[in-house]
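Engineer: There's a structure below that I have some questions on.
The values are calculated or read from the model by the stated rules, or taken from the named source; none is laboratory data. In this text the structure is predicted, and so the values were computed from the model without any measurement. Every residue, glycine as well, gets a Cβ built from its backbone with ideal geometry; the counts of neighbours run over all protein chains shown. Surface areas here come from the heavy atoms of the whole protein model, side chains and all, with no ligands, DNA or RNA. Shrake-Rupley method; radii C 1.70, N 1.55, O 1.52, S 1.80 Å.
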Amino acid sequence: MSRLYARASPLIEERHAALTPNLGPDHPDTLSMLQVLATTYRQANQLDKAVALYEDVLKRREAKLGRQDLATQRTSANLGGAYLAVGRLKDAIPLLEETHQSAKQFAELRWVDGLLIEAYAKAGENAKLADLLLEQLPEARKTLPKDSPQLAGLLAQIGMSLLSQKQWTEAEPLLRECLAIREKSQPDVWNTFTAKAMLGALLGQKKYAEAEPLLLAGYEGMKQREKTIPPQAGTRLPDALDRLIELSTATNKPDDVKKW
């Protein structure tokens with residue numbers, strides 16, 4: 001796919017070059033074409049070129065239209081996504097947060113939430129991530145079926161963010177709901193056992209008797225389905241193992257500590 005965009009970019013460059021003398025560099029049509037070119041560079045994996053063009057378009061649009069204009073905010077979102085793609089999280093997050101707020105006025109910018117979630121996760125901003133996901137939960141409950149895997153996924157993501165902050169009590173009901181959905185709709189899939197293992201974090205509340213069977217079932221279920229766990233979820237199994245070691249230590253079972 002990136003090759004197709006690489007082939008397309010010279011054609012868009014020609015079109016932009018033709019527009020500029022007639023309309024001027026700051027005309028809306030010229031800037032729109034420049035943004036299309038930046039997006040083409042991004043899709044062609046020419047990220048440095050994409051970042052430079054988005055920066056230029058943002059500066060010109062802000063000067064001409066103001067910061068809060070939809071076109072300016074759309075460019076801000078695209079630049080934030082380009083910064084995220086090149087790993088410039090400190091530059092990406094403020095722009096994505098800005099356009100997330102603008103999306104409350106401009107519904108067509110709601111797609112930026114996915115980028116902001118990714119940026120928070122990569123930056124380890126777990127508190128901000130949990131807040132953003134919790135903000136999305138009421139709408140998800142309205143629009144998704146109660147037994148939807150998508151709803152379960154959102155609940156799991158919120159639960160993980162809360163667990164990372166040691167907010168055990170807040171995470172528990174969300175993870176229980178996630179597990180109930182997955183046991184009903186996906187009883188034999190690896191992520192159902194991940195939900196059990198995460199709920200095993202009840203040990204953070206010192207509910208050891210409740211945590212143990214969940215942790216054991218979660219770990220063993222994931223171990224049996226290890227080949228089906230995608231790379232991006234590769235930490236789920238070792239995380240469950242760490243919790244089993246923590247549980248065995250807390251309950252003074254040195255043999256189990258050695259075993260795990």
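Engineer: Using only the Cα atoms of the chain, what are the Rg and Dmax in Å?
Structural biologist: So, for the chain, Rg and Dmax equal 23.3, 80 Å respectively.
Engineer: Quick one: 3J(HN,Hα) in Hz for the range 116-130, Karplus 6.51/-1.76/1.60 with θ = phi - 60°, rounded, Gly and Pro as x.
Structural biologist: 5, 4, 4, 5, 4, 4, 5, 7, x, 8, 5, 5, 5, 4, 4
Engineer: If I take every Cα pair under 8 Å that is 6 or more residues apart in the range 63-129, average their sequence separation and divide by the length, what percent do I get for the relative contact order?
Structural biologist: Numbers: 63 pairs, mean separation 17.7, N = 67.
Once divided by the residue count of the range 63-129, the mean separation gives 26 percent.
Engineer: I need the Kirkwood Rh of the range 34-177: take the reciprocal of the average 1/r across all distinct C-alpha pairs and report it in angstrom. Display every interim value, and only then the final one.
Structural biologist: On the way: mean 1/r = 0.0613 Å⁻¹.
Taking the inverse mean of 1/r over all distinct Cα pairs, the range 34-177 comes out at 16.3 Å.
Engineer: Let me ask something else. Please compute the length gained on full extension between Asp29 and Ala209, using 0.36 nm multiplied by the number of residues separating them and subtracting their Cα-Cα distance.
Structural biologist: Values: separation 180, 0.36 × 180 = 64.80 nm, distance 6.56 nm.
Stretched out fully, the Asp29 to Ala209 stretch lengthens by 58.2 nm.
Engineer: What accessible surface, in Å², does a 1.4 Å probe find on Glu172, ignoring ligands, DNA and RNA and rounding to the nearest 10?
Structural biologist: Here the accessible area works out near 30 Å².
Engineer: How much of the accessible area of the range 192-260, in percent, comes from carbon and sulfur atoms when a 1.4 Å probe is used?
Structural biologist: It is 53 percent, rounded to a whole number.
Engineer: Calculate, axis by axis, the spread of Cα positions in the range 121-260 along the three principal axes, and write the results as whole Å, longest axis first.
Structural biologist: Cα spread of the range 121-260 along its principal axes, largest to smallest: 48, 30, 28 Å.
Engineer: If Arg110, Arg236, Arg74 are ordered by their accessible area, calculated over protein heavy atoms with a 1.4 Å probe, which sequence runs from highest to lowest? Intermediate results must be reported in sequence, preceding the final value.
Structural biologist: Details: Arg110 155, Arg236 55, Arg74 85 Å².
I get Arg110, Arg74, Arg236, largest accessible area first.
Engineer: In the structure displayed, which of Lys59/Lys166; Lys146/Lys258; Lys206/Lys259 lie more than 31 Å apart, Cα to Cα? Can you show the working numbers first?
Structural biologist: On the way: Lys59/Lys166 42 Å; Lys146/Lys258 42 Å; Lys206/Lys259 21 Å.
Correct reply: Lys59/Lys166; Lys146/Lys258.
Engineer: Of all the accessible heavy-atom surface of the range 31-88, with the other protein chains kept in place and a 1.4 Å probe, what percent is carbon and sulfur?
Structural biologist: Values: 1150 of 2430 Å².
Taking all protein chains in place, the range 31-88 shows 47 percent carbon and sulfur surface.
Engineer: Sort Asp239, Asp255 by accessible area with a 1.4 Å probe, largest first.
Structural biologist: Working: Asp239 60, Asp255 115 Å².
From most exposed to least exposed: Asp255, Asp239.
Engineer: Pop a pseudo-label 7 angstrom from the Cα along the beta-carbon direction at both Arg110 and Val257 and give the gap in nm to one decimal.
Structural biologist: 5.1 nm
Engineer: How far, in degrees from 0 to 90, does helix 70-85 lean away from the longest principal axis of the Cα atoms of the chain, to the nearest 10?
Structural biologist: So the helix axis and the longest Cα principal axis differ by about 60 degrees.
Engineer: Another one. Provide the FRET efficiency to the nearest 0.05 for the Ser164-Asp188 pair, computing r from the beta carbons and using R0 = 30 Å.
Structural biologist: Values: r = 28 Å, r/R0 = 0.92.
The calculated FRET efficiency here is 0.60.
Engineer: Can I ask one more? With every protein chain in place, what's the accessible area of Glu139 (1.4 Å probe, Å², nearest 10)?
Structural biologist: Glu139 has an accessible surface of roughly 100 Å² with all protein chains in place.
Engineer: Follow-up question, since we're still on this one. Accessible area per residue for the chain in Å², computed with a 1.4 Å probe and the full protein assembly in place, what is it?
Structural biologist: Working: 13830 Å² over 260 residues.
Solvent-accessible surface per residue comes out at 53 Å².
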